[in-house]
1. Which residue pairs have Cβ atoms under 8 Å apart, sit 6 or more places apart or on different chains, and have a first residue in segment 86-102 that is on the phi > 0 side of the Ramachandran plot and a second that is modelled with pLDDT of 85 or more and not in a helix (DSSP H, G or I)?
2. Checking HIS89 against (1) at pLDDT 95 or above; (2) within 19 Å of THR117 (Cα to Cα); (3) assigned to a helix (DSSP H, G or I), only one condition comes out false. Which one?
3. Anything in segment 1-58 that is in contact with a Gly (Cβ under 6 Å, 6 or more places away or on another chain), assigned to a helix (DSSP H, G or I) and of a type in the set (A, V, I, L, M, F, W, C)? List them, or say none.
4. Name the pairs whose Cβ atoms lie under 8 Å apart, with the first residue in segment 1-22 and under 21 Å from ARG53 (Cβ atoms), the second among the hydroxyl-bearing types (Ser, Thr, Tyr) and not in a strand (DSSP E or B), and 6 or more positions between them or separate chains?
5. What number of residues within segment 48-81 satisfy the criterion of being among the aliphatic types (A, V, I, L, M), free of Cβ contacts under 8 Å to residues at least 40 places away in the same chain, surrounded by fewer than 22 Cβ atoms within 10 Å (Cβ to Cβ) and over 14 Å from GLY19 (Cβ atoms)?
6. For residues in segment 2-32 being over 12 Å from the mean Cα position of the chain (by Cα) and of a type in the set (S, T, N, Q), which is nearest to PHE115 (Cα to Cα)?
Amino acid sequence: MEYLADQVIKSGDVVVDVGAGAGFPTLRMATMAGPAGNVVGIELSEAMIEAARHHCQAANLSFQCADISQEMPLPDGFADVVTGFMVLHNLRRTEMRRTLIEVERILNPSGRAVFLTMHPDAFESRWDLQFLAYDL
């Protein structure tokens, strides 16, 4: 999040968070984009969308239910930034390819995409993995 705040998301940016889950990082990005910005969280799970809408509220933040590996309900060139945290490693290769094509479509020509995902070796080695937990 610090990297996004310092290097990527600017005040007034339009940000799309794919695989937004319960929306806690998405809410933090809404703060980074500021009142002139717009942040949209895209999530497949209706239960997660419901939780996000309940717990993560800001005037410049919205959530939409959609499959990120299909055409997203956003226009071409919509976003300055597309983010995705811990979602790509859950996709099959064909789904990932379609997702990245969609990300390219919704990004404006000077936009940036930033993804955080698991390294393939993470599950086959003795890494000390720590995950955040949220009370909903």
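The values are calculated or read from the model by the stated rules, or taken from the named source; none is laboratory data. Keep in mind it's a predicted model, so treat the numbers as computed, not measured. We place every Cβ from the backbone using ideal geometry, glycine too, and count neighbours over all the protein chains shown.
1. MET86/GLY19
2. (1)
3. Of everything in segment 1-58, those that are in contact with a Gly (Cβ under 6 Å, 6 or more places away or on another chain), assigned to a helix (DSSP H, G or I) and of a type in the set (A, V, I, L, M, F, W, C) turn out to be MET48, ALA52.
4. ASP17/THR26; VAL18/THR99; ALA20/THR26; GLY21/SER45; ALA22/TYR134
5. Adding up the residues that qualify gives 2.
6. Only one residue fits best here, namely GLN7.
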